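Step one of this worksheet: look at the structure below.
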Amino acid sequence: MELTFEKYKEAAEFLLERAGFQPEIGIILGSGLGHFAEEIENPVEVRYEEIPNFLRSTVEGHAGKMVFGTVSGRKVACMSGRFHYYEGYDFEELSLPIRVFKLLGVKCCILTNAAGAVNIHYEVGDIMIIRDHIKLMGGSPMRGKNIDEFGERFFDMTRAYTPELREVAKRCAKKTELNIHEGVYFYMPGPQFETPAEIKAICILGGDAVGMSTVTETITAAHCNLPVLALSVMTNMAAGVLPKPVSGAEVVEIANSIEKPFTLYVKDIIKNIPLEKM
Ligand code: HPA
C-alpha cells in the first residue's frame, strides 16, 4: 500500500469521529506494558482492524487497539500494541501511528518499550529515559517520496528526544520507587535477540540499552515536529552480560512485574507536561 497524505488523513478522520474529541497526548505502549491502558478514564476503544489503512498487531503481549480517554486530567490517545519491522512491515509503513497521531492533533507523544540493559550499572526493572538513539541498520520510515504536509525532506534529529519532556521525566523520577537513568537506545531489528558479540559492540559504540522498536516512531515524529518522550523498561540484562540466555517470556514477566510503579510514574509525567508550551 502506498501511503499518501490522504491515507493517513482518512485514518485520523475515522478515529476523531469515533473518539468524539481531539487528544492532547499520543501514547504507545511496549511489550508487557499494556496494563496502562486500563487506567484510562471514560475509554473509547477502537480495534486496529477497524481503522482504515491501519496496520495489525501480530505480537503476543500487544493488544491491538487504540484507546481514547483521560489520564491525569489530560486527553490521550493510547496505542496498546505497536508495530515492528520484525513483523514483516516495511520501515515506511511504520510511519503510520505517529503521522495519525499528528493528524489527530496531539501536542506530544510518550513512547514506552521493553529493552535489554547493556550498561552494567543498570539493573533489571530500572527505567531509562531515552536521550538519543543509534540506528545503523536498514532504511528509514521517511524513505521514499517526501510528504511535504508533514515536514521537509531533510530534518534535524538533535532534539528528537525532546529535552523539555526529558526534564519533566527527570523531575518526576524523584517521586518514584523506580531507578531512573538517562541513556542511549541502540536499535536492533530482531526478532532474534542479539549475540553477546553484538552487545559488546553496542557497548563500545555507546549504547546503554538495546531494543527492537521506538526509533522508527521517533524519526517520524521528528520529521513532523512532534515532541517525544521515550521510556525503556530494562526487562533483562542484554545477551552475554550475565551467563544465561535471554528469553521473551522473561521480558513480558519483568515488564508486568513493574507495571504498578511504572503506571504511576507515567501518570505523574502526563500530569506535569507543560502542554501549553508544546
Ligand atoms: N534485546 C532486544 N530487544 C529487547 C531486549 C533485548 O535484550 N529485551 C527486551 N527487548
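The values are calculated or read from the model by the stated rules, or taken from the named source; none is laboratory data. Note that this is a predicted model, so its numbers are computed, not measured. Glycine gets a Cβ as well: all are built from the backbone with ideal geometry, and neighbour counts include every protein chain shown. Heads up: the accessible areas ignore ligands, DNA and RNA and are worked out on the full protein's heavy atoms, side chains in. Shrake-Rupley method; radii C 1.70, N 1.55, O 1.52, S 1.80 Å.
Key figures for this structure:
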{"item": "Residue check for Val100: more than 16 Å from the ligand (Cβ to nearest atom), part of a helix (DSSP H, G or I) and open to solvent by less than 10 Å² (accessible area, probe 1.4 Å)", "result": "yes"}
{"item": "Selection count, the stretch 21-44, where residues are at pLDDT below 95 and either among the small types (Gly, Ala, Ser) or open to solvent by 30 Å² or more (accessible area, probe 1.4 Å) (or both)", "result": "8"}
{"item": "Count of the stretch 248-266 residues which are more than 14 Å from the chain's Cα centre (by Cα), of a type in the set (Val, Ile, Thr) and more than 16 Å from the ligand (Cβ to nearest atom)", "result": "1"}
{"item": "Output for the stretch 192-214, where each listed residue is open to solvent by 20 Å² or more (accessible area, probe 1.4 Å), more than 8 Å from the ligand (Cβ to nearest atom) and farther than 22 Å from Ile110 by Cβ", "result": "Gln192, Thr195, Pro196, Ala197, Glu198, Lys200, Ala201, Cys203, Ile204, Leu205, Gly206"}
{"item": "Some residue of the stretch 115-123 being among the small types (Gly, Ala, Ser), more than 17 Å from Leu29 (Cβ to Cβ) and assigned to a strand (DSSP E or B)", "result": "yes"}
{"item": "Subset of the stretch 244-263 (residues that are assigned to a helix (DSSP H, G or I), open to solvent by 40 Å² or more (accessible area, probe 1.4 Å) and polar (S, T, N, Q))", "result": "Asn256, Ser257"}
{"item": "Cβ-Cβ under 9 Å pairs, at least 6 apart or on other chains, the stretch 131-146 side open to solvent by less than 70 Å² (accessible area, probe 1.4 Å), far side of a type in the set (S, T, N, Q) and not in a loop (DSSP other than H, G, I, E, B)", "result": "His133/Thr218; Lys135/Thr216; Ser140/Thr216; Pro141/Ser95; Pro141/Thr216; Pro141/Thr220; Met142/Ser95; Met142/Thr220"}
{"item": "Conditions (1) without any contact (Cβ under 8 Å) to a residue 60 or more places away in the chain; (2) basic (Lys, Arg); (3) in a loop (DSSP other than H, G, I, E, B); number of the one not met by Arg18", "result": "(3)"}
{"item": "Residue satisfying all of: in the stretch 74-97; part of a loop (DSSP other than H, G, I, E, B) and either of a type in the set (Phe, Trp, Tyr) or at pLDDT 95 or above (or both); nearest to the ligand (Cβ to nearest atom) among these", "result": "Phe83"}
{"item": "All positions within the stretch 224-247 that are away from the ligand (no atom under 14 Å from the Cβ) and either in contact (Cβ under 8 Å) with a residue 24 or more places away in the chain or aromatic (Phe, Trp, Tyr) (or both)", "result": "Cys224, Asn225, Leu226, Pro227, Val228, Leu229"}
{"item": "Answer residue from the stretch 232-243, given it is part of a loop (DSSP other than H, G, I, E, B) and aliphatic (A, V, I, L, M) and is most open to solvent (accessible area, probe 1.4 Å) among those", "result": "Leu242"}
{"item": "Tally, over the stretch 103-114, of residues that are in contact with a Gly (Cβ under 6 Å, 6 or more places away or on another chain) and assigned to a loop (DSSP other than H, G, I, E, B)", "result": "1"}
